[in-house]
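First up is the structure itself, then whatever we jot down about it.
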Amino acid sequence: MSIRLMLADDHRMLREGLQRSMTDAGFDVVAQAADGVEAVRLATETVPDVILMDVTMPNCDGVEACRQIKATGSAARVVMLTMHADQDVLTNAIRAGAIGYLTKDSSTREIADAVRMAAEGDTVLSPQLARSMLAEVRRSEPPAAPAEDHAVSKREEEVLQLIADGCSTGEVAERLYISQKTVKNHLASIYQKLDARDRTQAVLRAVRMGIVSLG
């Protein structure tokens, strides 16, 4: 079954270009939104698997639209598209529930790969963006409980470190010589122990606890 994809950007030419390239890449583009308000409505009506969401849009920006979509209980994975990697915007996007962050100069292949990764639940971050965003959240969030209180295993620490380094589920499995199913089982355990909803939040908390470090 093809991945159901929604596009949200106020620039019609970019939306139409993305629709053509993403359709050619094998995705089912189920909707296009011209602003954040329309994105929230269409996300409910069309139930996409992944949303490519522009940060800067009229009426309701991409970060607020992401927050509202996640507040409805939508399972859609939101990947933010940015012209520039503004630190404050990216940090707010993490907190809003976005799973990925791409700059608009990304190639069609990079965007297609990011959509596939997001559909699998993988965080879509370049290592450089990951380090800068996680470092900012680490500075701004209150201290977390000591790591030993959560009994994270040595193997789970290894998984978390690789995720913090920007690795996908498949890359973690390859580096640790385990199956992707085992990686996902470790992640499920980590989420429970760290009271995290996804890998981005888990890594943020692990960084603050000192379980993993940023390169």
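Yes/no matrix, rows are residues, columns are (1) in contact with a Pro (Cβ under 9 Å, 6 or more places away or on another chain); (2) among the aromatic types (F, W, Y); (3) within 27 Å of M1 (Cβ to Cβ):
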residue	(1), (2), (3)
G36	yes, no, no
V47	no, no, yes
V50	no, no, yes
C60	no, no, no
V63	no, no, no
T72	no, no, yes
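Go through region 3-43 and give me each residue that's surrounded by fewer than 17 Cβ atoms within 10 Å (Cβ to Cβ) and either outside the structural domain of M83 (by TED's automatic domain parsing) or in a helix (DSSP H, G or I) (or both).
R12, M13, L14, E16, G17, Q19, R20, S21, T23, D24, V37, R41
Residues that are of a type in the set (D, E, K, R), buried (at least 17 other Cβ atoms within 10 Å of the Cβ), part of a loop (DSSP other than H, G, I, E, B) and touching a strand residue (DSSP E or B) at 6+ places or on another chain (Cβ under 8 Å): does region 72-88 have at least one?
no
Taking the options A93, A98, A130, name whichever one is buried (at least 21 other Cβ atoms within 10 Å of the Cβ), within 23 Å of A25 (Cα to Cα) and either modelled with pLDDT under 90 or assigned by TED's automatic domain parsing to the domain that holds N185 (or both). Working first, answer last.
Numbers: A93 fails: within 23 Å of A25 (Cα to Cα); A130 fails: within 23 Å of A25 (Cα to Cα).
Answer to the check: A98.
Would you check which residues across region 175-215 are of a type outside the set (A, V, I, L, M), at pLDDT below 80 and in a loop (DSSP other than H, G, I, E, B) and list them? Before you say what the answer is, go through the steps one by one.
We begin by selecting, within region 175-215, every residue of a type outside the set (A, V, I, L, M); these are 175, 177, 179-182, 184-186, 189, 191-193, 195, 197-201, 205, 208, 210, 213, 215.
From the residues that got through so far, the ones that are at pLDDT below 80 too are 197-201, 205, 208, 210, 213, 215.
Matches in region 175-215: R197, D198, G210, S213, G215.
The values are calculated or read from the model by the stated rules, or taken from the named source; none is laboratory data. Here the structure is a predicted model, which is why all the values come from computation and not from measurement. Glycine gets a Cβ as well: all are built from the backbone with ideal geometry, and neighbour counts include every protein chain shown.
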